[in-house]
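All remarks here apply to the structure that follows.
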Amino acid sequence: SSLLNTIDVNEVNPKIDFYPNPFVTDLIIQNDGGFQDLKLKLYNSVGQMVREVGNLNGQKIILKRENLANGLYLLQVFEKRELLKSSKILITD
C-alpha cells in the first residue's frame with residue numbers, strides 16, 4: 001500500500017554522497033537507492049538562494065557550477081518536499 005511505502009521512506013535515511021568537495025566545475029550528488037522528484041537548493045555564505053533545481057531523478061545528479069563564484073555554499077537536498085540532507089559545499093578555481 002502507499003501508506004506503507006511512505007512509512008518506509010521516512011524511516012530510511014538514505015546515504016547521500018556529495019563529491020568532489022571542494023569542486024571546480026561539477027558536483028555529483030549520489031544515492032545508491034536513487035532519487036525521485038529531487039529538488040536542490042543552494043545558498044551562498046550570506047544566506048541568499050543562488051540556485052534552485054527541481055524534478056531531478058536517478059542515482060546520480062550533476063550540479064553544474066556555471067556562473068557561481070568560488071566560496072562556501074550550503075546545499076539542501078529535498079525529496080518530495082522533505083529535507084533529506086544539508087551540507088556545506090566549497091567551490092574553488
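The values are calculated or read from the model by the stated rules, or taken from the named source; none is laboratory data. As the structure is a computational prediction, the values presented were derived from the model and not from experiment. Cβ placement follows ideal geometry from the backbone for every residue including glycine, while neighbour counts extend to all protein chains displayed. In case anyone asks, the SASA skips ligands and DNA or RNA and just uses the protein heavy atoms, side chains included. Shrake-Rupley method; radii C 1.70, N 1.55, O 1.52, S 1.80 Å.
Worth a mention:
- Hypothetical label at D32: residues of the range 60-93 whose amide nitrogen lies under 19 Å (7 Å Cα-Cβ projection): 60-61, 85
- Lysines with Cα under 21 Å of K64, excluding same-chain neighbours fewer than 8 positions away: K39, K41, K85, K88
- For the range 25-81, the spread of Cα positions along the three principal axes, ordered from largest to smallest, is 32, 24, 14 Å.
- Mean Cβ count within 10 Å, highest first, over the residues of peptides 51-59, 33-41: 33-41, 51-59
- Zone residues, the range 42-65, relative to K88, backbone N less than 19 Å from point 7 Å out along Cα-to-Cβ: 42-50
- Amide hydrogen neighbours beyond the local backbone of L84, cut-off 5 Å, H modeled: V77, F78, E79
- Each label point was placed 7 Å from the Cα along the Cα-to-Cβ direction; for Q76 and Q48 their separation is 1.8 nm.
- In Hz, Karplus ³J(HN,Hα) per residue of the range 81-89 (6.51, -1.76, 1.60; θ = phi - 60°; x = Gly, Pro): 6, 9, 6, 8, 7, 10, 8, 7, 10
- When nucleic acids and ligands are ignored and a 1.4 Å probe is applied, Y43 ends up with an accessible area of around 50 Å².
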